[in-house]
Every structure is written in structure tokens, then in C-alpha cells.
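The values are calculated or read from the model by the stated rules, or taken from the named source; none is laboratory data. All of these numbers come straight from a predicted model, not from anything done at the bench. Methodologically, a virtual Cβ is constructed for each residue, glycine included, from the backbone with ideal geometry; neighbour enumeration extends over all protein chains shown. Side chains included, ligands, DNA and RNA excluded: accessible areas come from the protein's heavy atoms. Shrake-Rupley method; radii C 1.70, N 1.55, O 1.52, S 1.80 Å.
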Amino acid sequence: MKITILDGRRFRLAVIAAAKSLIRNEDYLNKINVFPVPDGDTGTNMAATLHAIVTSLRSNTDFALAEMSQQVSDTALDGARGNSGSILAQFFYGLATELAKKKQVTAKEFSKAAVAASNHSYQAMADPKEGTILSVIRIWGEAWEEQAKSHDDFVYILRYALKECKIELEKSPAKLKLEGKMKYVDSGGLGFVNMLEGIEEFIESPNLKQLLEGIKERLVPLIGSHDIAFNPNVKYRFCTECLVDSKYFDRNHIRDLLLPLGDSLILAGSTTRLKLHIHTNAPETVFTILSQFGNVRRKKVDDMKRQVRHRNQKLQEIALVVDSASDISDNIAEKYNINVVPLRLSFDKEEFIDGVTIDNATFYDRMENGKIIPKTSQPVPRDIENLYRFLLTHYKHVISLHVSDKVSGTYQGAIQAASRVDSKKITVFNTESGSIGEQIMAIKAAEMIAQGNSVHEIVNFLTGLHGEFKMIIMLETVKYAVKGGRLKPYLGGLLKILGLVPLVTITPDGKADKEGIVPRGKRGWKPAIQKFKNFFGDKVPDEIGIIHANCKDKAKKFEKLLRTHFPKAKYYYGEFGPVIGTYAGPGAIVFVGFSNAKIPPPPPKSESTLDRIIERLALPSGKNYLPVLKK
């Protein structure tokens, strides 16, 4: 088969074929991911970038090459994830700039676009490294430039370029100076080769229906035992990304400002839209600097330290996810191997990622000293979806616990994300709670995962906790409830005059409701505890959590009082953040109790056939022997 003209329709099919091939190899690309950080997500990031492109192409059958390539470029920039995903976005941007205003091109004309794509990919990197995807893209561009001088057949040049790319790929371990068990070819470079292989495969067997149907679902990769035994010592913890819109960017100035903050810096995009990627320990500083140049949006921060831990440690078969409404600390998340999806919050037009780009101290300081009441929103759907995809490359199943659907849309967002990934391998659970209540349920789930309980057993246990807990929120002031619209101003004014504050509770079905009115401050502690005791009646809570809003000393005094009523309970302690803090305000205390919260015993270990044989042959002395088999 010979192809001498490339139009929009053929370009679209080539991109879809390339995406399908890479997505099929997503798991393996994650497993061999070593550079720049061995966080095991290169396959997921490239697949997410390409999947965003393909989704946009489903309804576009434009025959004009310029429009088609521009759509691919724009979508890649918006959907790019990670180091390799950002480079891919700049690759497609380079193609689009050279293909502008062209309905179709010859092989010689396309060779110019191939070289432009290579050049733009290199220019986006602050410190381009040979031996990576960049080298493979460069060889691809050079092959096109060389062969288009004497050949007009796209198919011939594609196959020649693919062969040259594979040769270059084999050199990557040496160029990256990888040794021993780390000596794999570069995963980003292999991903690009996979894309070229997908195009070649489609040309050889052009089944249009199979191509378009096959891309509808992202293939969930198999769990492998592809270990890399080494300690990576991640220098910069957060993979930080965002888009910035402006009329003009001085890239060199931005590069100079950001380079001291980290490495793996990529500034992709056009003169009016910037896609940033950087590995840093200060994502909030990065976003603040960029806000000086334009509108910062689509902020994304991944914890590479946790990603490396998932990859290198022998963990359980079940991964556990919660949202940041659980107010879970880094120490607890690390101890119990819990993954946290952050909610978003904003002060007017300034957006933050809960627990990542703003901490609790800064949040409460801005609440007390600022005029703007913050607003919270559920996690970005693609963040949940991409976390699920990443975890399923390392675990067989995911349990995802979320704040009550009566107070946030996070639970519904997680269900939708699971349906787009693999709902059979992802269990989304509504805790009908939040904050310390959600956190305790997550800890219980983590303990059951560690002792080998099944997904079914864990979900049954958590379901049994519904209706078995009581949560009470004690406000220090009605000021923030009024500002946030949860309490009418005239009622707030009356309560303030009388020195009273409302108690808030979470009902058994997960709704926030009034529990009564008590005196403000310490005088309200005893009546609040009495309501707590009335709920449990003859039952005694065996697990109690106390969490505060920037008032640690006061919370410790309250804990001391609560212990006089429930001395035998196990206590959890912490500080709650923006989700409850937005409405409760500084000085508030939340406490929750669970009855019947002790986890069931671990499942019995299955005895092997050999164990049963040895047991039957046991001698009175306790020594075991096996019969000697005659030859």
C-alpha cells in the first residue's frame, strides 16, 4: 500500500491508532519507568494525554489537515500529564504550527512538520536529556527529513523512521547511565515507539470499525511482578502542572524564576497559552509566581514520594483511597498506605488544592484576617480517574471512601470516574460521614486490608458502622456560619447576644443537621457530651475521634473531659481543614464516637495440600517426615 497524501481524515486515524497502541502497553511502560523519577506513572500519563485527544476526535471528521492537527494540539495541551505527556503536547504543537493553513500535505511537506515537532519538543525542556523520548523524537524527525528527499511514500518513510527509532531506543540505558536492575529502555521513548507501531499496524490491517471501537475503553493493565530493587531518593516530591493563559509569555524570564524551585521543568504551549510541568517541593510558590503572568488554571500536583512507594514496596492487593474531607494527616496516610484525593477551595478567584498548595494555618489565618469567605469544591474528576488508573497498575482492586454525598458531590464524582476506568475493580463507598469520622473508617479499612480481609468483608464491616456513630460539631462563634449562608443573620445576631452557639450533627443518612443550642465556649461542653451519651444509651463507644480548627490547647482540655466519661475508648486526634472549617470557623471542635468498631479477626489461612500431608504424617515427637520415594 502506498500513501502520497496526508489529509485531516488520515491524520485523525493515525493519531487514534497511535493512542490505542500506547494504551495497550500502559502497564509495561509504568513498570519500566526509571527516568526522571522512578514513580511508575509514565504509561498512565502518556495514556491519559492521548485519551484526551482521542475523546475530542470521536466527533471530528474534518478532512482539512490544519484544523485537525490544531485540535489535536489544543487538546494535548489541555490534557497533558507528567513529563512525557507534556513533551507529547509540545510535539503535537510543533506539528500543528507547520501544518497550519494546509488541507493536505505531501511526504516532503510533512517532513518539515516532523522537524518542527522535534525542535519544539527540545525547546520546551529547560534541561533536555539525551536517551529519553526526546532522542527518539529527534531521530524520527531526522529520518523523515532524510528520506523525504528521495521518497514520496508515507508508508515507506514511516517504516524506515520506526526502525531508526528502535535503534535509538536501545541506546537509552547507556545514554542515561542506567545499571543493573534499572537497565531498561526509556519508558517515554518506548511509548513513542509504541505509537508508531500502532500506526504501522493499522496501515497493514485497516479495520476502521475495530479501531474506533477498541479505543472506547482504556484497557486496565494486568498486575505484574516487574520489580526494580533500589532506593530512588526522590529529591523533589511534587510533580506540579498547570495551564496559564495570557496575551504574551517571556519564557526565558519564567524559566529563570522557576529553575531554582525544582527540576524536570517543561514550558510547553504557544505564545498565549503555557503548559507548565516541574518537579518541586513548593507547588504553591510555583503557582504564585505564574499568577503574575496570567490566569492559572488546571492545577495538578502528584505526590511522587507515594508513587515510588507504591512501585517499590510489596504492598497489599487492595489500594485504599479517601478524599481530603477526611482531614487525614500525612503521617496517618503514610502509616496506613492511604491515598488522598484533594478537594479544591478558592478565595474569590484564587484557587488552592486542599492540603497541597495551602495548609491549615494559612487557611485559618486568611479566614480570620480576610473579608472573603472561601468556597470548597469536589476534586477534579480527571484527578480521581487518573489516580484509579495508576493504582490499578500496582493493585488488583481499589476501595475508595468518600465524604457523605449529602454534603459534597465527591462521592458521585468518584462513581463516575470508576465507571470510566473499571467499575468491577473499583469499589466506591459512601461513608455517610466526613472529617474524623471518615478518617476512622479509612483506618479501619486499612487495618483490614493489612490483615488480608477481602473487599466484600471490608465493605460489609464499613456498612455496619452506618448508624453506629455520632458526630457533633461545636462552634466557637456563629460568625462564619452566617457569612457562609448556613445561618440567617438575624438568628446569628440573636445567638451572639445570648452567648449561645448551635450544635451541628451528621445524621445516620449523612446529612448535616441541628443538634440543639448550647452556651458558647467551655460552658457548652457538658451539654454537648450529654447529647453524645444519650445517642449511645447502653452502648459505649469504643472508638472516639477529636479534631479541632486551629485550637489545639482547647481541644486537649476537651479531650481530658471526654475521657472522664469514656476512659476505655481508643482516641484519635487531629486538626480539620477547609471542608468543615469553611463553615465552622477557627476555634471549632468536632468529636465523633463509634460503637461496634472493632474489626473482625483476619480470615483463616488456607492450608496447602503439602501442609495437610505433613500434618497427617506427624510423629508423636512432633517431628515430621515425608516418605522416601523409590526410584
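So here's what we get for this one:
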read-out	value
Inter-part distance where segment 535-588 and segment 127-152 are each reduced to a Cα centre, Å	62
Lys, Arg +1 and Asp, Glu -1 on Cβ, resulting dipole of segment 268-418 about Cα centre, debye, nearest 20	600
Projected-area average for the chain over all orientations - Cα convex hull basis, square nanometres	37.6
Full-extension gain in nm, ASP7 to LYS552, via 0.36 nm per residue minus C-alpha separation	189.7 nm
Sequence ranges 553-565, 440-452, 160-172, ranked by mean other-Cβ count within 10 angstrom, highest first	440-452, 160-172, 553-565
Residues with amide H under 5 Å from that of LYS570, placed H, sequence gap 5 or more	GLU543, ILE544
Dipole of the chain, positive end: most advanced residue of ALA18, PRO173, ALA555 [Cβ charges, Cα centre]	ALA555
Euclidean distance of C-alpha centroids, segment 333-349 and segment 233-268, integer Å	22
Segment 313-457 - Rg (one decimal) and Dmax (whole number), Cα, Å	15.5, 50
Inter-label distance for GLU559 and GLU368, nm, one decimal - labels placed 7 Å from Cα along Cα-to-Cβ	2.0
Förster radius 51 Å - calculated FRET efficiency between ASN295 and LYS177, Cβ distance, rounded to 0.05	0.80
Packing-based order for 585-593, 331-339, 273-281, using average beta carbon neighbours within 10 Å, highest first	585-593, 273-281, 331-339
LEU500 long-range amide H proximity, modeled H, under 5 Å	ARG520
Within the accessible area of the chain (1.4 Å probe), percent carbon and sulfur	52
Efficiency of FRET from Cβ geometry, TYR248 and LYS568, R₀ 56 Å, rounded to 0.05	0.25
Net dipole in debye of segment 1-124 [+1 Lys, Arg Cβ; -1 Asp, Glu Cβ; about Cα centre; nearest 20]	540
Sequence-distant residues sharing a close amide H with VAL428 (under 5 Å, placed H)	SER400
Helix-only mean residue ellipticity at 222 nm for the chain, each DSSP H run of n ≥ 4 adding -39500 (n - 2.57), per residue, nearest 500	-14500 deg cm²/dmol
Average accessible surface area per residue within segment 257-393, 1.4 Å rolling probe, Å²	40
Segment 474-529 versus segment 277-297: alpha-carbon centroid distance in Å	38
Gain upon complete extension [LEU500, THR288; 0.36 nm per residue less C-alpha separation]	72.3 nm
Given LYS20/LYS112; LYS560/LYS598; LYS300/LYS488, the pairs whose alpha carbons are separated by over 31 Å	LYS300/LYS488
Lys, Arg +1 and Asp, Glu -1 on Cβ, resulting dipole of the chain about Cα centre, debye, nearest 20	1560
